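The values are calculated or read from the model by the stated rules, or taken from the named source; none is laboratory data. Treat the numbers as computed from the prediction; the structure is a model and nothing was measured. Virtual Cβ from ideal backbone geometry, glycine too; neighbours counted across all protein chains shown. Just so you know, the surface numbers come from the protein's heavy atoms only, side chains and all, with ligands and any DNA or RNA stripped out. Shrake-Rupley method; radii C 1.70, N 1.55, O 1.52, S 1.80 Å.
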Amino acid sequence: MQRSEGVGAIMMRLDRSIQEFTSAVSLILFNVLPSLIFLCVVGAIMFSLDWRLALIVLMFAPIPH
């Protein structure tokens with residue numbers, strides 16, 4: 001079996017893919033997840049105080065991305 005790419009090119013693509021995966025995981029863990037947790041905690045507090053006002057406010061809450 002003959003390869004069209006060299007071993008170095010395959011290793012470089014694999015290394016780049018692993019780096020992109022770890023970058024995506026760290027983005028989710030350190031940026032998106034805390035925002036979602038904060039939104040849930042604040043939503044729970046607002047619902048415990050006044051559920052009608054909480055529904056109105058949460059309709060305009062930004063969704064983190």
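Structure notes:
- LEU39 being of a type in the set (A, V, I, L, M) and open to solvent by 90 Å² or more (accessible area, probe 1.4 Å): no
- Residues that are among the polar types (S, T, N, Q) and exposed (fewer than 11 other Cβ atoms within 10 Å of the Cβ) were ranked within segment 1-35; the one that is farthest from the chain's Cα centre (by Cα) is GLN2.
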